[in-house]
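Right, one structure below, let's go through it.
Just so you know, all these numbers are worked out from the coordinates, no wet-lab data involved. Keep in mind that what you see is a predicted model, and the values were worked out from it rather than measured. Glycine gets a Cβ as well: all are built from the backbone with ideal geometry, and neighbour counts include every protein chain shown.
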Ligand code: PEP
């Protein structure tokens, strides 16, 4: 049985005071859902505050990106060991906004995935197709290429410590959501692909869905057998909505009452 993971990607949002109030509210509600993992991913400059606020609570935190190596002349970048020192447990790799806006290509993302593991962080590898790619019937080919480039570089055993997030690009921040059936189809494809490389890892790896997941669609998505949690953007900036998604993922009695 895989433990659900609900992760909030805060993107480039929040002031110190907004982050404090968001974290305080999530912290208060999160204790009701002890059977799931809850993770928040703030911007780099808010990590020290989040570290102070969330230490000794069940809510975990991580980062949205990293650069390779430990330190060096890479102006504007942040390394895995720096994130680890701030208590990060997870880091996003290959979010579609990094792939498109910042032109991060397959070799760089494979190296970042490995850099995360080398620093003792768990990478959350984001994969997914654009609307045009889906309409052209290329969804599986795109997802396969994004996964296989990392498997070839880091080795399948590296995925024992990783999470995969299937995020159809056309659903991110658009209010459009993949239907539970569409999402399940790709999640099953991803798990099959991992199975071909390592059966045990395929059984245990968590595959999250991301793309306009909200309180009103979370339960139907999370009910699918290969959907093991959510990567939430917009709805994670509101503690009530984020906690409602946690409730949908949880089997705790208090979650069932809502
Ligand atoms: C994301 O940023 O990973 C995401 C899924 O965003 P949203 O929930 O806003 O679509």
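Hey, among the residues in region 29-69 that are under 27 Å from residue 101 (Cβ atoms) and part of a loop (DSSP other than H, G, I, E, B), which one's farthest from the chain's Cα centre (by Cα)?
Checked region 29-69; the qualifying residue farthest from the chain's Cα centre (by Cα) is 69.
Restricting attention to region 158-180, does a residue exist that is away from the ligand (no atom under 14 Å from the Cβ) and without any contact (Cβ under 8 Å) to a residue 12 or more places away in the chain? If you could, list the steps in order and put the result at the bottom.
Going residue by residue through region 158-180, those that are away from the ligand (no atom under 14 Å from the Cβ) are 158-162, 179-180.
Still in the running and without any contact (Cβ under 8 Å) to a residue 12 or more places away in the chain: 179.
Yes.
Listed here are the residues, each with its yes/no results for (1) in contact (Cβ under 8 Å) with a residue 24 or more places away in the chain; (2) touching a helix residue (DSSP H, G or I) at 6+ places or on another chain (Cβ under 9 Å); (3) surrounded by 20 or more Cβ atoms within 10 Å (Cβ to Cβ).
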{"site": "191", "(1), (2), (3)": "yes, yes, no"}
{"site": "211", "(1), (2), (3)": "yes, yes, yes"}
{"site": "215", "(1), (2), (3)": "yes, yes, no"}
{"site": "222", "(1), (2), (3)": "yes, yes, yes"}
{"site": "227", "(1), (2), (3)": "yes, yes, yes"}
{"site": "233", "(1), (2), (3)": "yes, no, yes"}
{"site": "243", "(1), (2), (3)": "yes, yes, yes"}
{"site": "251", "(1), (2), (3)": "yes, no, no"}
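Would a scan of region 72-82 turn up a residue that is in contact with a strand residue (DSSP E or B) (Cβ under 8 Å, 6 or more places away or on another chain) and under 20 Å from residue 37 (Cα atoms)?
no
Taking region 220-236 on its own, how many of its residues are more than 9 Å from the ligand (Cβ to nearest atom) and in a helix (DSSP H, G or I)?
Quick first cut of region 220-236, residues more than 9 Å from the ligand (Cβ to nearest atom) only: 220-229.
Pick out the ones that are also in a helix (DSSP H, G or I) and you get 220-222.
Qualifying residue count, region 220-236: 3.
Answer with yes or no whether residue 142 is over 26 Å from residue 21 (Cα atoms) and in contact with a strand residue (DSSP E or B) (Cβ under 7 Å, 6 or more places away or on another chain). Spell out the reasoning first.
Details: over 26 Å from residue 21 (Cα atoms): yes; in contact with a strand residue (DSSP E or B) (Cβ under 7 Å, 6 or more places away or on another chain): no.
Taking the combined requirement at face value, the residue does not satisfy it.
Which ones in region 151-162 are touching a strand residue (DSSP E or B) at 6+ places or on another chain (Cβ under 6 Å) and either under 13 Å from residue 111 (Cα atoms) or crowded, with 19+ Cβ neighbours inside 10 Å (or both)? Don't jump to the end; show me each part of the working.
First, pick out the residues of region 151-162 that are touching a strand residue (DSSP E or B) at 6+ places or on another chain (Cβ under 6 Å): 161-162.
Correct list: 162 only.
Do we have any residue at all in region 11-18 that's touching a residue at least 24 places away in the same chain (Cβ under 8 Å), more than 16 Å from the ligand (Cβ to nearest atom) and more than 19 Å from the chain's Cα centre (by Cα)?
Within region 11-18, the first condition is being touching a residue at least 24 places away in the same chain (Cβ under 8 Å), and the residues that meet it are 11-14, 16.
Those still in the list that are more than 16 Å from the ligand (Cβ to nearest atom) too: 16.
Applying the additional criterion that residues be more than 19 Å from the chain's Cα centre (by Cα) yields 16.
Within region 11-18, one or more residues are touching a residue at least 24 places away in the same chain (Cβ under 8 Å), more than 16 Å from the ligand (Cβ to nearest atom) and more than 19 Å from the chain's Cα centre (by Cα).
Given (1) away from the ligand (no atom under 14 Å from the Cβ); (2) touching a helix residue (DSSP H, G or I) at 6+ places or on another chain (Cβ under 7 Å); (3) in contact (Cβ under 8 Å) with a residue 24 or more places away in the chain, identify the lone condition not met by residue 206.
Here residue 206 clears every test but (2).
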